[in-house]
Amino acid sequence: MRSFTGLSALAAAISLVSQSAALVANSSINSQTRFAYAGSTGMTVSWNTFSFVAQPKVYYGLTPAMGQVATSDVSVTYDTSLTYNNHVKITGLTPDTVYYYLPVPMIESPTNGEGAGPFTFKTSKVAGDSTPYSIAVVVDMGTMGPEGLSTTAGTGVSPNNILKPGEINTIQSLSAAVDQFEFLWHRESVIRKFRDLF
């Protein structure tokens, strides 16, 4: 998955740790878009919103105009969460193919400026395909401050665990190496996905 848009969305959404409504206007915040392969011909697109969504939608297609839509009724939350997790499974896709997509609604409309949609994902290869495939694995996304990845953190965080000005966080490291991997596996996203299903 050479497109960096899904990773950017994940990085931006890590900042959803403050309850302040003012943060919604912050252009660095969006909806923690993430994916799960559904075989080689499907993809589950997941993202967060601040409120329940009766019918989450994902527009998708082979061009930026997209032209197709998939929907679901899955919008779940937990007592300790500030957001709802929305999941839409898209089926009937072509293996090893780049698709454009746009989940609706998102916390902040990605229609203009940096990070504007539609975004892209790539479906998996067919099982048994022996073409080399590279994966980046991330367990810890980096320092968490009151508004996400930052050089500050809340009460109880050791000063030794806070990024110093100029230090590189996980997202910046992945961004610098984006052409070296096709898929990013984020352990916590996998755990959240399974928790939503059970």
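The table below lists the values:
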| quantity | calculated |
| --- | --- |
| Matching residues, segment 38-96, being out of contact with any strand residue (DSSP E or B) (no Cβ under 7 Å at 6 or more places or on another chain), loosely packed, with under 15 Cβ neighbours inside 10 Å and among the polar types (S, T, N, Q) | Thr80, Ser81, Thr91, Thr94 |
| Any pair with Cβ under 7 angstrom, 6 or more apart, that starts in segment 48-77 at a residue that is without any contact (Cβ under 8 Å) to a residue 60 or more places away in the chain and ends at one that is among the aromatic types (Phe, Trp, Tyr) and assigned to a loop (DSSP other than H, G, I, E, B) | Ser75/Phe52 |
| Residue within segment 53-66 that is assigned to a strand (DSSP E or B), among the small types (Gly, Ala, Ser), modelled with pLDDT under 95 and in contact with a Phe, Trp or Tyr (Cβ under 9 Å, 6 or more places away or on another chain) present | no |
| Residue in segment 89-96 that is in a loop (DSSP other than H, G, I, E, B), among the hydrophobic types (A, V, I, L, M, F, W, C) and over 22 Å from Leu184 (Cβ atoms) present | no |
| Where Leu82 falls short, out of the listed (1) modelled with pLDDT under 95; (2) in contact with an Asp or Glu (Cβ under 8 Å, 6 or more places away or on another chain) | (2) |
| Inter-residue pairs, beta-carbon under 6 Å, first more than 15 Å from Tyr37 (Cα to Cα) and in segment 123-134, second part of a loop (DSSP other than H, G, I, E, B), 6+ apart | Ser134/Phe181; Ser134/Glu182 |
| Residue that is modelled with the highest pLDDT [pool: residues in segment 109-125 that are within 16 Å of Tyr99 (Cα to Cα) and β-branched (Val, Ile, Thr)] | Thr123 |
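The values are calculated or read from the model by the stated rules, or taken from the named source; none is laboratory data. Note that this is a predicted model, so its numbers are computed, not measured. Methodologically, a virtual Cβ is constructed for each residue, glycine included, from the backbone with ideal geometry; neighbour enumeration extends over all protein chains shown.
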